[in-house]
Structures are given as structure tokens and as C-alpha cells.
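A short worksheet on the structure shown next.
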Amino acid sequence: MILDKINSPDDVKKLTFNEMNTLSSEMRELIIKKVNTIGGHLAPNLGIVETTIAYHYVFNSPEDKIVFDVSHQCYPHKMLTGRKEGFLDSNKYLTYTGYTAPEESEHDIFKVGHTSTSVSLAVGLAKARDLKQEKGNIVALIGDGSLTGGEALEGLNNGAMLDSNFIVIVNDNDMSIAKNYGGLYSNLELLKKTNGQAENNFFKAMGYDYLYLEDGNNVEKLIETFKKVKNINHPVVVHIHTLKGKGLKLAEENKEFCHWILPHALDENKPAYSEKETYNSITKNFILEKASKDPSVIAITPATPGVHGFDDEFRNKLKNQYTDTGIAEEHAVAYASGLAKNGAKPILNIMSSFVQRTYDQLSQDLCLNNSPVTMLIYWGGLSSADCTHLGCFDIPLISNIPNMVYLAPVNKEEYLAMLDWSLEQTKYPVAIRVPNTEVISTGIEDKTDYSILNKFKVVEKGEDIAILGLGNFFGKAVELKKLIKKEFNTNATLINPVYMTGIDEELLEELKNNHNFVITLEDGVLDGGFGEKISRFYSSSNMKVLNYGGKKEFTDRVPLDKIYQKCSLKSEMILEDIQCVFAMEQAKLGNFYSFN
């Protein structure tokens, strides 16, 4: 096995072209096996193998520095930079993260997991090199899908002004996560059809020197091309045409499906597709029904249709009532605001970890203008995800912007009622946190008037203790209520807060009459979150408040059970906290319970 001989990039430089081609095949087999076992990015990594080998053959890492955009195509890089055991040994599959990580290797410069950032980061590296009068090549590797992101264009604009070495490799595989959308791609197509000779050249217009390589999976030609730009003294774009998913027929033919896969997605004996109802399927059916009756309804996603289950059939049914903005979350928010201002009914679908990129647009373009957009936030909550894809920060981020209404449904009927209200109302921008749970259905139509803002729902009346279970954690609140009844013989009040952007002051004031204790549960970080609003309300009273949620931290593939343990989110830990507070208070509060 050729890979057995590779312990660092220096070993790559000793290989013959035949050995490099053999190495490419070996690496693809290992990537396919590992990703099918534990899940991860498949097609992007399969398409970039030869580029990675050629890069490490020509350049001298870490003196020469490469920044991978998104870094979801860094598996081959890791295999050649001392981390091959993470692909050779199934017991070590989880040793290394799926993204670049400086703590793992000196060959990784940044932690990167969001798109369109590589050029900007690399421009900074290059400028610092120049300021310190150092040498070395600075390379940004960016996929064509990432070029739709505004930061990529900002970075290219700034990078063109460098009067020194700066290399941008554009990995053009004709795809984003899904199909490419946008005017930029017409120029990329023209450049490919003319073998890079078209006079109309986006990159040259930006001020870059330009080279094109049609066979971007040919390691010998890649090495030849990279040698031409190594140590170049001005900014240059190397545009390479690669095949996403190369080496796996399914990935080559179904690039979108194989962009990122779940464990065992490639197994022949994989169970048939489940027809089980999900919040994705509920959302799709709602949008299709509304769009069929109202031509002003339009669904939007910034290049992540698979996250929401927006498959080809769904997109084809919607036709011009669907927009993929490309990987451009900021534009997607402003675009939705413009649609709403002119009488359309946009439904913007976006992942929690990616909504972080849109704060200014949420504040200025959307909420300041009070545009009645419906935003659906997916995958919100504490998780065992990589540190770059955490979905636990959306509550503080979204719920503290003026004019925004952020809702947390706890079941199917609430979710549908909120969707319907949001789409038809014209007063507010509305965000709905799509439940990140199994579908819960009451079977009873929700007739709540959500235009009466910040009214919490008292699900079960009780006394002494009130439990506010927000969204995903309402189920925890139900469980906690049962345990409190069993442990303390106390019938706690159970509340579904519904609104994350405000508090029900009337209800909270009323609780003072026969409650001494309030517990809040939220599936997100506590700092700036929902629970703190409740604590602040009661801060001048004798009400005892305990807030439960996540800590303000970047976790990195930490098992969810461990996070719950660390954050005291397990029911038995909450019961212990209650007992401690009761014990301290029983001397002061005669109507409180004493415990054996």
C-alpha cells in the first residue's frame, strides 16, 4: 500500500506519477469505507484527492499555507499530513474531526466549517507575511459553490490588491451542495467551454492572473500547473475542473445525495426509505399546499435543500416559487425581506448554525424594516456536532432583535398553526424553531391566536413549582413534572412558553400568588437566552428561579449525554437542585415542604 509510506508531505514528494495514481485509488477506497461507517462528507472529498496530492508534491507545508474553504474536503489532506490512522483503523475513525483543526496538525491553519471564508482568511495570512517580510506561498482552495457567498467576493476584491504571492484554487465541480444557481456560473461554464480562453473572464476582471486546467483530476497535469504558480509574485486564480464524487459511481451520478451521508447510506442491504412523518415532511406538504393556492408563496434556501428534505420532486413542483440563493445566507435574508415588502410570502429555510452568518441582515434588512418574512430555523438545540456546526446559539441571537417574533412549537398542531399564522400576517418578521424531535401530535387542531404576542400556555395548573419547558425541552418538562409529583408529592404547574422573544408578564405575576419556585428548560445556551428573561422578571421578588440549558462554549463532537450531564440537564440532577433549594428555604417559608 502506497499510503503506508506516507507519514508527512515530504513523503509525497518522493512518489512517482504511477505511485500517486495508485495512492489516489487507495485514498478513495479508505474515504468511502470510513464515511459509510460513521457518516460525513463524501463526494467533496472524493473529487479533490488528486489536487491534494499535487499540492503537497509541489508546495512545502506548513511553510506554504493552504486554507480549505468550508474544509469539508480536507480528508485527503489529513491522510497526507500524519493522520492516516484515522482512515486506516476503524477504531480511530472518530479520532480526528471532519474539518481542519490546528490542534491536530501544524498543517491546518484554521478551524473552518462555514463557507466562503477561505479567500478572506488567506488574504490576511498573505498580508501578515508581507508585513513581516517573510516568504512562502499562500493558497486558498475554494469550491465554485462557495463563490456565491458574499465574503468570497469581498475576499477576492481585497486579495486582488496584493502586490505579492497569493494563489486561489477554484475547484469547479459544477456543483454546490446541490445544483449551482446564479449568474456567476454562466461565466464559469463559458470558461470551461473555451478552455479558459474566453475574453469574458470574471477573475481577470477582478484583477487576477488566470490559469485553467480542464482535467482537474489528473495529478501529473495538476503538478505541472501548480509549479507554474509556485512562488508567483502577484495574485493568481488557478481554475480546475474536477469531478465531484470521483471514483464512486453513485456519487458521480447523484452528487447531491452523496455530498454528505449518514452512516451506512451506501449499504446494499440498507433498510428501505422510511415513510415516517417528520417535521421536514410536514413543512414540505404545508409549503406545497400553500403554493398551489397562492402564487405569491415562495420557498427559499441558501444552498442546503437536503437539510430540509427539499428534494428534486419538491423543487420541480414549486418551479419559480422556489429559490436556491446559493451559499449566501446574508443575501437570502435580505432577498426574503424584499419579497415580503412587495407583497410576496417568503418562507426562508435555514440551519441554526448558518443563521449566525445573518445577524446584520436580520437586524437591519429584516427587523428594522418589519418585513413579514417567515423564517424556519432547523437543527436548533444542543448536540454532539462538530464545533463549527453547533445549533445552540440561535435563541440569544434571534430572540433579542426588536420586532422579531421567535416561536417554539412543541407539537405538529402548534407548528402548523404557527406556520399558517406567520404566512398570512403582515405585521412582523416571524421565526419558527422547527422542532428537533420526533413528531408529536395531539390530534387536536391548534386554534391559538398567535397575533396576541407573548402569551404563554398553561398546560396543567398546579402550585408551588412552575416548570417552563421551551420547545424541544417541553418533553423534559413533562417528565420533570411527573418526577416532582412522585418525589415531593407536589403538583407542579406545567407551562409551554411558546414565545422566545418576550415574556407573559401577567402570567408570571400571577404565579407569585401560589408559587415559590420557577424552573426554565431551554435547548440552547443560557447566556442571553429565554431563561434569563424569566430570572430578570423575578429578580426583585422572592421567587426562586433555576435556569437550565447549555453553557456558553464551543463543544466539539461531545456526546449529548455528556453535555446534559455537564449542564445538569438530567432530571435527577434537577431534582437534587430542587431539594437543596427547598432545604435552604424551609426555615423561611412555612408552606414549603420538608424532606427526610
The range 406-421 - phi-based ³J(HN,Hα) in whole Hz, Karplus 6.51/-1.76/1.60, Gly and Pro as x | 10, 10, 10, x, 10, 8, 4, 5, 4, 4, 5, 5, 5, 4, 5, 5
Once phi for every residue in the range 576-583 is put through the Karplus expression 6.51 cos²θ - 1.76 cosθ + 1.60 (θ = phi - 60°), the whole-Hz ³J(HN,Hα) values, with Gly and Pro written as x, are 5, 5, 4, 4, 5, 5, 4, 4
Using eta = 0.692 mPa s and T = 37 °C, Stokes-Einstein with Kirkwood Rh from Cα pairs puts D for the chain, in µm² s⁻¹, at 125
Excluding residues fewer than 8 places away in the same chain, name every one of the aspartates and glutamates whose C-alpha is closer than 20 Å to that of LYS481.
-> GLU460, GLU463, ASP464, GLU510, GLU522, ASP523, GLU572, GLU576, ASP577
What is the order of CYS580, CYS258, fewest Cβ neighbours within 10 Å to most?
-> CYS580, CYS258
Mean projected area in nm² (Cα convex hull; one quarter of hull surface) for the range 108-247 | 8.6
Taking amide H positions as placed 1.01 Å from N in the peptide plane, with prolines and chain starts having none, which residues 5 or more places from HIS515, or on another chain, fall under 5 Å of its amide H?
-> ASP464
Which of the GluC sites (Glu not before Pro) across the range 141-229 are loop residues per DSSP, with 16 or fewer other Cβ within 10 Å?
-> GLU199, GLU214
Estimated dipole of the chain in Debye, rounded to 20 [Cβ of Lys and Arg +1, of Asp and Glu -1, Cα centre] = 160
Candidate cut points under GluC sites (Glu not before Pro) in the range 100-141, DSSP loop plus at most 14 other Cβ atoms within 10 Å of their own Cβ, are GLU103, GLU106, GLU134
Net charge, SER61 excluded, C-beta distance under 10 Å - Lys, Arg +1, Asp, Glu -1 = -4
Can you grab the distance from the C-alpha centre of the range 161-187 to the C-alpha centre of the range 490-541, Å, no decimals?
-> 49
With the charge dipole of the chain built from beta-carbon charges (+1 for Lys and Arg, -1 for Asp and Glu) about the Cα centre, the Cα from THR301, PHE17, THR242 projecting farthest to the positive end belongs to PHE17
P(r), alpha carbons of the range 446-596 - 10 Å bins starting at zero, rounded % | 10, 41, 36, 12, 1
Can you give the helix-only mean residue ellipticity at 222 nm for the chain, where every DSSP H stretch with n ≥ 4 adds -39500 (n - 2.57) and the sum goes over all residues, rounded to the nearest 500 deg cm²/dmol?
-> -10500 deg cm²/dmol
Honestly the range 279-433 on the Cα gyration tensor test (a ≥ b ≥ c root eigenvalues; a/c under 1.5 rounded, otherwise a/b vs b/c for prolate or oblate) is just rounded
Sites ASN158 and ASN187, calculated FRET efficiency, Cβ-Cβ separation with R0 22 Å, nearest 0.05 = 0.60
Formal net charge of residues neighbouring ASN180 (Cβ-Cβ distance under 14 Å; K, R +1; D, E -1) = -1
Listed pairs LYS5/LYS33; LYS127/LYS228; LYS412/LYS566; LYS341/LYS447; LYS486/LYS562; LYS13/LYS204 exceeding 24 Å between Cα atoms = LYS412/LYS566; LYS341/LYS447; LYS486/LYS562; LYS13/LYS204
Shape call for the range 85-185, from the Cα gyration tensor axes a ≥ b ≥ c (a/c under 1.5 means rounded, otherwise prolate when a/b beats b/c, else oblate), comes out oblate
Would you order VAL119, VAL581 from fewest to most other beta-carbon atoms within 10 Å of each residue's own beta-carbon?
-> VAL581, VAL119
What are the chymotrypsin sites (Phe, Trp or Tyr not before Pro) within the range 527-576 that DSSP puts in a loop, where the Cβ has at most 14 other Cβ atoms within 10 Å?
-> PHE554
Stretch gain in nm, segment LYS92-THR426, where the contour uses 0.36 nm per residue and the Cα spacing is subtracted | 114.9 nm
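Since every read-out is calculated from the coordinates, none of them should be taken as a lab result. Fair warning: this is a prediction, and the values are worked out from it, not measured in the lab. We place every Cβ from the backbone using ideal geometry, glycine too, and count neighbours over all the protein chains shown.
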